[in-house]
Each structure stands twice: as C-alpha cells, then as structure tokens.
1. Would a scan of segment 213-235 turn up a residue that is closer than 30 Å to Leu153 by Cβ, in contact (Cβ under 8 Å) with a residue 12 or more places away in the chain, open to solvent by 20 Å² or more (accessible area, probe 1.4 Å) and part of a loop (DSSP other than H, G, I, E, B)?
2. For Asp244, state whether it is surrounded by fewer than 24 Cβ atoms within 10 Å (Cβ to Cβ), over 22 Å from Ala320 (Cβ atoms) and either touching a Pro at 6+ places or on another chain (Cβ under 7 Å) or modelled with pLDDT of 90 or more (or both).
3. Please work out which residue is modelled with the lowest pLDDT, limiting yourself to segment 716-736 and to residues that are within 16 Å of Ala658 (Cβ to Cβ) and in contact with a Phe, Trp or Tyr (Cβ under 7 Å, 6 or more places away or on another chain).
4. Does any residue of segment 373-384 turn out to be at pLDDT below 85 and among the aromatic types (Phe, Trp, Tyr)?
5. Give me a count of the residues in segment 485-494 that are in a strand (DSSP E or B) and either in contact (Cβ under 8 Å) with a residue 24 or more places away in the chain or under 16 Å from Gly555 (Cα atoms) (or both).
6. Going by the conditions given, is Arg438 modelled with pLDDT of 60 or more and either open to solvent by less than 80 Å² (accessible area, probe 1.4 Å) or under 37 Å from the mean Cα position of the chain (by Cα) (or both)?
7. Determine, yes or no, whether Gln143 is modelled with pLDDT of 85 or more, open to solvent by 10 Å² or more (accessible area, probe 1.4 Å), farther than 18 Å from Lys369 by Cα and in contact with a helix residue (DSSP H, G or I) (Cβ under 8 Å, 6 or more places away or on another chain).
8. If you check Gly641, Gly587, which single one turns out to be modelled with pLDDT of 90 or more and assigned to a loop (DSSP other than H, G, I, E, B)?
Amino acid sequence: MLRGLEIALKLPDLWQQQAVRALKEGRDVIVDAPTGAGKTWVFELFFKEGGFIGGGERQAVYTVPTRALANDKWREWKREGWDVGIATGDVASNLEAPVVVATLETQRERVLGGEGPALLVVDEYQMIADENRGLNYELVISQLPPTSQLLLLSGSVGNPREMVSWLGRIGREVELISVLERPVPLDEEALEMLPACPRQVSGFWPGVASRAVLGGLSPLLIFVPHRSGAEKVAKKIAAAFPEDDPIELPADEESLAGKELARLLRRRVAYHHSGLGYSVRAGIIEPLAKRGQLRIIVATMGLAAGINFSVRTVLVAETAYLDGPFLKQLRPDELLQMFGRAGRRGLDDSGHVLVTNKSPRLMDAAARKLRRVNEIDWPTLLRVMGRAVEDGRDPFAAAREASERLFSTQKIGLGFDSRGRGSAESDDGPAGFHLGPRRRQILNSRSEWESASELRKENRKVSECRIRREGAERSIRALRDRDFVRGLGKGSLCKIRRERGFDYGLEWKLGRFMPDGRVKLLGWVKKEIRWESGPLSEVDLETAILPRIEGIAGGGKIDTVVRRKELVAVHLDFSQVLAEATIDSHGVPLLDPVERELAVELETHYRVTSGDEVEARPNSAAHAWRSLGLVEVHGAPTLRGKVFSFFQAGEGLMIAAALEDANYPVEELAWHIANLRAGFRFGDEGDGESVRLAVTCRGTYGVVDHAGYLELGLCPGYGDGAAEIVMLNLLEKKNVSELSSESVSKGDIERVVVEWFSLLRHIHFAPDLEWPRWMALKEVAREYLDRFHLGRGAPEVPELPQTILSHQFRQRLTPRDFARVS
C-alpha cells in the first residue's frame, strides 16, 4: 500500500464514520462513493471494532468480483496481521476465520441453505446488472437471511436509491451513504497542451507517453483493446525511453518475467493482460504499479475491473474492446471505473484523464442505472422448487415467493399451469407467478376495459397521442400531462402556445449575458455539445449553438428563444417526437395505457393432456425445462434437473447428460469437464477424447439454444481440447510454457487449470443424490483434488524486495533524458 494513502486513511472522513455508526446500530449500509474515496476503509474500521471472532456467527465475508482481487485483498490483510481466510472456488482456506475474502458465487450454497455470515460485504455491487453474473449477485442478496447484515459498496451506480427501495421491500433497514466529491478530483488534459514530443522520439504511442512524462503526468495507465496491442504499445514506448534508473529484478523474478518483459521493466514500462501468468501479474507487475515504481503501464480493457492500483493519469485508447470472441462497446460506467484509477490519495492533488482526438473523455463517463438482467435464474428456482417438494410444500408457491424478492417490480412469468394451483381467485391482479393462464386488458380512451391482444401498436407523433391515468375520469392529450413531459428530459416545464390553448414543453437554460452583450454558456451546455470556446455573440448563439441544442434534445425542436434579464433559455416543443402507441378500438393512440390481468380458466395456448395436467406455455422458461427434461409436470425436479440446479450455468446440463450415459466412465468425465469453462481460445471442435462430452450433450438435448445455458447444444464458454492440455500439464508434468501456442497463452492454460479445479471442488461439496453415478463423480472429484494437491491455499507469488518497492526515483523526465536513449 502506498505510504501516503495509508496515512490519509488513518483519519476517517465523516461519511466513513457515519457508515460505521449505521452498521454498529444494526442497519444495512449502501456506500455510493467514487473510486479511491476509501470505501474499503469503512469495512476495515467496522471489522476492527465489531468484535468478529470467526466460526460463522460472528464472521464477515468480504466479496469482490474477481479471484485476482480476492487474492490481492487476502494478501494485503495477512500482511497487516489479520486472521483471514479465502474462498474463490478454486481455493478454500481458513474458512472459519473472523473474515473471509471471497468471490460472491462461493456463498451461494451457504445462503440457499438458509445460513449467512454476520456481515456480508459486496464490493462493486453494480455487478447485479452484469449479463453473466448478475443473477448470482441478485440471488445471494435477495436470499440472505435477516440475521446477516449487508454492506454494499460501489462508485459507479446511478440509482442507489432503487437498491435501498428493493432492500426495504424485502424487509431490510438500509442507510444510504452518498459521497459526491472525489478526494482527489479529476482533470482532463488534452494531449496537444502537453510539452512537445522530443525530437528523438517517433511514433504515436511513444510520443504520447513521452509528452505525458515530460508534463509530469506519470505514472500513466493506458487502456487498449487487445492483448497483442498492449504488448506492442508497451514495447514501442519502452524502446523510446531511457534506462536512467532501472528496476533490477532478482534472478528468480527476472526468469519468471522472461527476458522481454524484464527488459521493459528496466525502463519502468510494463504491459498487463490475462495472457500473462498469474504470478507475473500479481507478483511483479501489480506490486510495482501499486508502489509507483512504473512510469507507463499498458493494460487491456477486459482486466480493468480487476486492477487494484492507482496511477496519476489514465488514457483510454478506444471505446471498443474484445470480450471473448465478441467486440463490445465500453459502457459509460466502465469508463468511469477506468478513469477512477487516476489520482493517488495522499500523493496527488488531482488525477488526470489524458485525451487525444479519438479517445473518450470525462464527459463520456457516467454511473450505471442498475436494471436486473432479463433472465430467470433457472438453477436457483429449480433448487427452491425441489426443496419445497422435499418439505411437502407447493413448488410453484415457493418459486413465487423467491421471485417476489428479486430486484424487479416486473412480474416474472414461467409459463406453467396446473388446474387448481397458481391461478388467481380475483381480478385484482396476478397471483404472483403467472402459473395460470391470464388475459391482459387495457383501459381505453373511453374508460372501457378491452383485450390488449387484439390491439395493434404504431409509432405516432406525441401530439396525436393521449394518456389515461389510473383513477382519472378521462384521457388527456399526452403533451398536457405534466409527468409525461417531465419524463422527456431535463429542464423545467414551460408552456408552448397553440392556436387553441397550450401544450407543455421543457425550458433549457443555456447561458447568461455578459456586460458586453456576449453570451457565456452554462457548463452543462458546453459539456453536452462539446463546446470549448469562450463567450459568443447572439448571432453565433443562433447559428452555432441552437442547432446543436436540437441535436441533443431527443427530437424536441426549439419553439422560442427566451431572454430574461441576464438569462438566455430555449423552450423545446416535443410535438413531432414519435412514440410507440397502443391504438384502442376507437382508433385513439394511447401512451402507456393502464393495464390489468384477469385469471382465465383455460386459454387456447394451453392444452389439457390428462386429468389436471396442463402443458407449459410455449417459449417460456417452464416449456424449456420440460423440453430439457428438468422438471416433472407438477414442479418436482428430475434427477437431471437436480444436478443442473447444483450449478450456476449450463455446465450442469452437460454433466447430467454425461452421467446418464452408463458407458461414459466417470473417471474420464472428471477430466473432460475441464472443457466446460475453457472459453473461445480453445478449439471449437477438438479431435481428442474429451470431444465425447460435447457429442453426448448434443445427443441428449439437440443442437439447441437457451440463453445463458446452452448455445448450439453446449454450455456457453465450452472449449474442446482443454481437458487434454490439463492432463498433459498434471499427468505428464508438461510446463505450461511448453503447452502454450499462438492462440492459447500461458495465462489461458493457468486459468483453465484453475477453473477445472474449481469445478471439481464444486462437485465434491455439492449435495448428495440417490444416484450412484453422481455419487461416484463426487468421489472421483475428491480423489483428483487429493492426488494433485491443488487448492491448498491461494496461489504462491513472488515477494519483491522492499528495496525495489520503496525505491525513490525521478518520475519526471526531461528532453535531455530522451536524448541519451540508445
């Protein structure tokens, strides 16, 4: 930890004291504070004063999004003398300690069993909106027993009050601590304003890096989209930099890093990506970066959430990056996280975001408004339904209760129907889980209820549409509805005059008149339209600014320019904006009509099969469960469904299919499951023996897609050929460096081994079943864990000497330094 940072955090801010006080008083706490503000210190203060003793009842579990961050935090607290354990799927050590650092998914079994620690900390809780892992976060938070306190931490959530509302809805008393100001403010620095590039330096990235160092903006962290790009950029920069005060790694660490990276480190330049071995990332590059021993770090965007070090300046090269085989656009909250690495508390007066003519800027970063992913957690609901069957309870009612605790006000329909079960007894709304057939109706423009299924939707001008609010006697024009117009954007309501009467519009304040008659734009206007010039004349306002205002007005058009004393504003008319309207039976376009659902005895999209058995609704989750053979008609999970419910994604489907093949030896299956989380870098269709797992799965389910669970009949993330590489590594003792290739790096192989071990551990500790082949697989998993002596603790990493980590060197260079580069 940086000495300046350590000193600064010894004196807690008022908001940190307020958060600790709320925790001591028994309330849950949500801390909404910028990156670098000291959110973790809230937990550390409370833990030290909270009397935690370990053993479950008085234990704190601190969860982080990645294994790398868990390992990092675990080591940090061990160095401080804490009795701390770790649980990351592949590693489970000292689990009875007073504090355990964990990935959140490791707490799933504990919570589903009705247990929980005294305090559960969810660091970076914005993960609840993550496409892949959000369901797991939502589950653990929603099912946590009331005896467990919650501490949620994030710096990139735009709607924390909705989290407070959700937790309150499920019976929790929550205090929100919001911090608006960063302890180290961020400034934007344009590349062209920095000192000129030394004449000896050529190339774009060496020029950027040299100008930043000459301008006193290092350490500089550059985010680039690809692994190969990170290495190329770092090499080009290092070639232009002097070896003025080199990092001299010890012989073992230099051998571990390799000649190429060691050569870059001598010039205090490094690259950082997942293809590097874990010991190199966590044992060499990250410690050097955290202690300010590097001038330039070039990292891939995919690892941004797992980087736990601060620098003085951040530059994000592009707005798109590779996520697996897919190109993704950076979200504003991801940019916020990246920019948040700039500025070291206790060392810098301000952090800096360096921008070029192509890179994103501070104004492009924003907190994320959390919304739950539009998926249903199949394994968890099946687990809940299975437990209900064991207890003699209605599985549908149990599933309904679980769904009502989710971070959503929307009704979640699975699509099952069973006469006498799950159907509503009144017309007041759906009875929880939509298990019975329903009919949806809307309240039309004449206050009549009519069937929604018979109505069409069209894009119509807002000026043509009407709104019928619940409880109102009649519908009104949409632009006469104050709440609707306020929802069209920022600003205050104003009146737009019509030939007969008026409509509402929005007033935007643009700027103020100066004594010389020129107009000085308000800060938000300059930011939104990217206007960097100073005050302007009224003519320039009309010709240059007003067209840009309409460009950001969401379809609104300027109706009037208002001059009020020294203020200049515009009135925006939204009458020509198109909106999707429901056309009622009288031909009236309605926006957001009032809806209701009525229980129906039977509808044509259900088919009675025999007695009271009714098929699931097509395209519903229940229909998928039935087609995949996961549940019986009355909601009890099959053996296949039970195995699936023990996992968090589609790997359970593949394991269950293999277990059903009596000719598939479980000893081979235990190796082959290494393919399940291997990822796209491993072969699409391998030619080794482990391809049997893919063939068996597709033979069982077909080449089908079920979002999040099966893609072309295989679980997402499946990669053939990984099992053979793991076997060569562990059985034949082949070094990962020998096994790596152009497409599969040392870091990829290390990750596959870790994931394989994690799956074995997961199987070993999963619940028992009255299925001999499942119990045999659990036993083989235990044997392999013991045989290969993996997971006895967190991965070992080298400890760099303090003489290197605390070395005082000159960050800022001069043109003369670059002149000495050989």
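1. Within segment 213-235, none of the residues are closer than 30 Å to Leu153 by Cβ, in contact (Cβ under 8 Å) with a residue 12 or more places away in the chain, open to solvent by 20 Å² or more (accessible area, probe 1.4 Å) and part of a loop (DSSP other than H, G, I, E, B).
2. Considered against the rule, which asks whether it is surrounded by fewer than 24 Cβ atoms within 10 Å (Cβ to Cβ), over 22 Å from Ala320 (Cβ atoms) and either touching a Pro at 6+ places or on another chain (Cβ under 7 Å) or modelled with pLDDT of 90 or more (or both), Asp244 comes out as no.
3. Step one: of segment 716-736, the residues within 16 Å of Ala658 (Cβ to Cβ) are 718, 720, 722-723.
From what's left, in contact with a Phe, Trp or Tyr (Cβ under 7 Å, 6 or more places away or on another chain): 720, 722-723.
Details: Asp720: 83, Ala722: 86, Ala723: 87.
Among residues in segment 716-736 that are within 16 Å of Ala658 (Cβ to Cβ) and in contact with a Phe, Trp or Tyr (Cβ under 7 Å, 6 or more places away or on another chain), the one modelled with the lowest pLDDT is Asp720.
4. No, there is no match, as no residue in segment 373-384 is at pLDDT below 85 and among the aromatic types (Phe, Trp, Tyr).
5. So the answer is 1.
6. Details: modelled with pLDDT of 60 or more: no; either open to solvent by less than 80 Å² (accessible area, probe 1.4 Å) or under 37 Å from the mean Cα position of the chain (by Cα) (or both): yes.
Answer is no for this residue.
7. Working: modelled with pLDDT of 85 or more: yes; open to solvent by 10 Å² or more (accessible area, probe 1.4 Å): yes; farther than 18 Å from Lys369 by Cα: yes; in contact with a helix residue (DSSP H, G or I) (Cβ under 8 Å, 6 or more places away or on another chain): yes.
So Gln143 passes the test.
8. The conditions single out Gly587.
The values are calculated or read from the model by the stated rules, or taken from the named source; none is laboratory data. For clarity, every value in this text was computed on a predicted model and none was experimentally measured. Backbone-built Cβ (ideal geometry, glycine too); neighbour counts: all protein chains shown. Surface accessibility is based on the protein's heavy atoms, side chains included, excluding ligands, DNA and RNA. Shrake-Rupley method; radii C 1.70, N 1.55, O 1.52, S 1.80 Å.
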